[in-house]
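Following: one structure in structure tokens, then a few remarks.
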Amino acid sequence: MIPRPDADSEDRVIFLRDAKFTYESGVEALKGVTLVIDKGEYLAVVGGNGSGKTTLAKHLNGLLRPTGGQVLVMGVQASTRTVAELARVVGYVFQNPDHQLFCRTVHDEVSFGPANIGLDGPEVKRRADRAIAVMNLSDIRDRPPLSLTLGLRRRVSIASVIAMEPQVLVLDEPTTGLDAREADELMAIIRRLNDEGTTIVLITHEMKLVAEHANRVVVMMDGKVVLDSDTRGAFSDLGLLRRSKLLPPPVTQLAHRLSQIGVSKDILTPQELVFELTRGDDQ
Amino acid sequence: MQALTLKDVRFRYPGMSEWALDIPSLEIQQGEFVTVLGPNGAGKTTLSLLANGLVPKSIKGEFEGSVEVFEHPAPKYTVSQLSTLVGMVFQEPESQLFCMSAEEEVAFGPENLAVPRDEISRRVEWALDLVGLKGLNDRSPFTLSGGQKQRLAIAAALSMKPSMLVLDEPAYALDPMGRIELYSILSDLKAKHGMTVIVMERDAEDLVEYSDRFVLMANGRVTASGPPREMLVDPGALRAAGVSPPQMAEVASLINLRRKAPPLRFLTVDEAFAEITINTHHHSKGASH
Amino acid sequence: MTGFLDLYSEKDTFLHRLDPRVKLLAVALISVLAFILTELLYLVVLLCFILLLLVLARSSYGKAFFALKFVVRFMILITLLWPLFDRSGAPVLFSIGPLDITEPAVWRGATSAVRVGCFATLWYILMFTTSQRDLVRALVKLGLRFDYGLALAISFRFIPTFGLTIESIKDAQRARALELDKGSILRRSRNYVSILVPTIVYALRTADTLALTLQSRAYGAFSNRTYLREIRMRASDYVAMTVVVLILLLPALAKYIYGVQI
């Protein structure tokens, strides 16, 4: 689907039109990507290492500038805005929280962004307090961020970005290193942010995570978008996922094998599969 | 022979009130592939560092109990000596490779052990081949992919000819393909070379097929231990223990909840496919057209 | 940003094959020669010889251009600035305000510039043709303690990793609307703290794992550790060494024994 540039852009928060990016080394990381992200979406950008997914993500807040094509953020050419200006609209949470944390307290850390965008004292405080509450960090607001566990450090780093109250939140592998409970807690908070209207762009190679959370999946391979579909559709082509160096979750693999006995291929969770399998038994 | 024997082991980091490890007994047999599962903070890293003496020799703290490595009492040996029995691989691929070429990385251990040059040369080729990095002798570790880095770290341990490998969340920073390659190499090492393998992990999924035994840890203690089929079939219990269950175990337990027939107990996609196609009849009609 | 560290390229020339110790010796002796030569003409001849070596080293145009750009800029700078500070001698060519520019000073400036060009190009040839690991091996072989050699090798190895990490830290903070060079001095120094602290944390964590890794690889187990690769002098290395010694010795003899003005 090629989006029409003249289409109604009320709900369009991000629009990449044939965006290309070549690193100084000559590596073509984006070979013409067209992508529209609408307000309120929960989008997963997936692909193996070197597929271009991180390069793509860094275009959304201007950390990288396209060497060809265009990036529009809220209808405005991103090239006319600084990263600091774009940060008010597009929050980007890096994979490693330790690349961000440097303050003495969680509260200071979370206030850094809002202060940088020039808000006044009371507003900085209001936003920091809110972000701390959203990320369930109120009990540890005065603790030094670097002394916290990885799960909490990651939550602080997300709080420090959402304190700027961006409309779009880009998360790069947010569950790396987290255990099951920490990951579940974090993903629940992100789900809530999405429910409240924040557009989520999840950069990941964990297909289980994608199956459970995303509404839409963009598969990247070799600097190109090779698939852009709703989540169910993305899981029905195992060959494509494998070629993209992605590993479909076991339950999807099983569903595909069971398709010979009539199970549908677009199963995302164990619950769905079991529902299909046992439908007949209940009658 | 037992590869690793812990008896009444307790270890406490300086200034902490809780024991980081409190293990009355843990035995790992030679040639076993053991996955230690537990949430962050369960004590997996501390346990792994115990195996070659880094805890308590290098990382000091309050230590009691006995640790035997291949029936040698660990306290009597230096970390260097134990390293010829136990190869260590850490989480971060980047910070455990410090040489300017893959070959130097693998040669470093045997060089320190004053192994003769010809023998080092043979070991380097052997180890690089085992981990699938043959021919990359001169590549800078910096230019390798994450998965290749971890495999190089394994080769660097293998060249000291250990009988056991201990890996602390080696797949931490890897993508799915990197993880699969890594674990299948470990599985080969066990199958073809009789290597004892201990992997610390948070997630059971990738290791279901390879592990002889799962050891569950929480709060520095071993809470359960047994073969995959015993340990992983109860997803609820695993979740309560803070680790994510294999998806197939979830499927099986959900099916079992809805059926009165004898419970299904599969853990892998292959097993699931076999059992479901045998046990489920109502869909076979659909298959005929 | 790693331009200066990424000079070596894998090639098969006699300069690449030469024992790194001979190359270090050559750099030292030819530098001494450049130092004792005082006549511009001879220095230019020497520079031409060194540039010929650079061609023989078959470094890529990109790298050679990158390197020579700095050398040439530096040489121009010296040529232009020297007469401003050295005002001895006569005749005065012209005056800029209170500054007299004398003819001997101009020549001396040019001479110094060529001399510096010789030093710098020699170093570049060494870096173009010698891998960092050979350099470290040569230093260890020449008597540097293995610990220091290892420390040096580890620093070389981690420089690109550190570069990438610092870039990532900068990006992570820019994503929080950090603008490094904006605001008052106080604000700016605080801005840099936001880069510095994560960098230090990263360095400490890396060092921790590194220490554990070194111990796990039996570092320091025996004082008589062996080496997989030994650098060994071959016949061609001895020939090259002799040639290098003669290149210094003959002009030195001419100058200091026979009093030839060179």
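None of the figures in this text is laboratory data; all of them are computed from the coordinates on show. Values in this document were obtained by computation on a predicted structure and should not be read as measured data. Glycine also receives a Cβ, built like all others from the backbone with ideal geometry; neighbour counts cover every protein chain displayed.
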Practice problem: Between C:TYR148 and C:PHE35, with labels modelled 7 Å along Cα→Cβ, what's the label distance in nm to one decimal, could you check? | Solution: 1.9
Quiz item: Could you give me the ³J(HN,Hα) list for the range B:59-64, computed from phi with Karplus coefficients 6.51, -1.76, 1.60 and θ = phi - 60°, whole Hz, x at Gly and Pro?
Solution: 9, 8, x, 7, 10, 9
Quiz item: In debye to the nearest 20, how big a dipole does the protein assembly as shown give about its Cα centre with +1 on each Lys and Arg Cβ and -1 on each Asp and Glu Cβ?
Solution: 1940
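Shape verdict for chain B, please, from the Cα gyration tensor: rounded (a/c under 1.5), prolate (a/b greater than b/c) or oblate.
Oblate.
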Self-check item: 3J(HN,Hα) from dihedral phi, the range C:38-44, Karplus parametrisation 6.51/-1.76/1.60, rounded to Hz, x for glycine, proline
Solution: 10, 7, 4, 4, 5, 5, 5
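Please get the size of the charge dipole for chain C, origin at its Cα centre, with Cβ charges of +1 on Lys and Arg and -1 on Asp and Glu, quoted in debye to the nearest 20.
720
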Quiz prompt | Built amide H within the under 5 Å cut-off of A:GLY69, gap 5+ | solution = A:LYS20
Quiz item: For chain B, modelled as a Gaussian network with Cα springs under 10 Å, which listed residue fluctuates most, B:ARG202, B:ARG213, B:ARG259?
Solution: B:ARG259
Practice problem: Return the whole-Å distance between the Cα centroid of the range B:27-96 and the Cα centroid of the range C:112-149. | Solution: 41
Quiz item: Taking C:LYS23 as the anchor, which lysines have their alpha carbon closer than 26 Å to its alpha carbon, excluding any fewer than eight residues away along the same chain?
Solution: C:LYS11, C:LYS63, C:LYS69, C:LYS141, C:LYS255
Practice problem: Measure up A:LYS125/C:LYS182; A:LYS53/B:LYS161; B:LYS44/B:LYS161; B:LYS76/B:LYS161 against 30 Å on the Cα-Cα distance and list the ones that go over. | Solution: A:LYS53/B:LYS161
Self-check item: Electrostatic dipole magnitude of the range B:94-161 [Cβ: Lys, Arg +1; Asp, Glu -1; Cα centre; debye, to 20]
Solution: 200
Self-check item: Cut-off of 10 Å, at most 13 other beta carbons, DSSP loop: longest stretch of chain C lacking such chymotrypsin sites (Phe, Trp or Tyr not before Pro)
Solution: C:1-221
Exercise. Provide the net charge surrounding A:GLU85, with neighbours chosen by a C-beta distance below 15 Å and charges set as Lys +1, Arg +1, Asp -1, Glu -1.
Key: +4
Quiz prompt | Environment charge at B:LEU21 (Cβ cut-off 13 Å; Lys +1, Arg +1, Asp -1, Glu -1) | solution = 0
Quiz item: Hey, got a sec? Which GluC sites (Glu not before Pro) in the range B:5-90 land in a DSSP loop and have at most 13 other Cβ atoms within 10 Å?
Solution: B:GLU18, B:GLU71
Exercise. Classify chain A as rounded, prolate or oblate, taking a ≥ b ≥ c as the square roots of the eigenvalues of its Cα gyration tensor: rounded when a/c is under 1.5, otherwise prolate if a/b is larger than b/c and oblate if not.
Key: oblate
Quiz item: Across the range A:182-188, in residue order, what do the Karplus-derived ³J(HN,Hα) couplings come to in whole Hz, using 6.51 cos²θ - 1.76 cosθ + 1.60 with θ = phi - 60° and x for Gly and Pro?
Solution: 4, 5, 4, 4, 5, 5, 5
Quiz item: What is chain A's relative contact order, in percent, from Cα pairs under 8 angstrom and six or more apart in sequence?
Solution: 22
Self-check item: DSSP-assigned coil residues among trypsin sites (Lys or Arg not before Pro) in the range B:52-98, each with at most 13 further Cβ atoms within 10 Å
Solution: B:LYS60
Practice problem: Normalising by the residue count of chain B, find the relative contact order in percent from Cα pairs under 8 Å and 6+ residues apart. | Solution: 22
Self-check item: Taking B:GLU92, A:GLU276 and counting other C-beta atoms within 10 Å, the order from fewest to most
Solution: A:GLU276, B:GLU92
Exercise. Please build a GNM for chain A, connecting alpha carbons under 10 Å apart, and tell me which residue among A:GLY177, A:GLY223, A:GLY40 fluctuates the most.
Key: A:GLY177
Practice problem: Find out how many positive minus negative residues lie around A:LEU254, taking Lys and Arg as positive, Asp and Glu as negative, among other residues whose Cβ is under 12 Å from that of A:LEU254. | Solution: -4
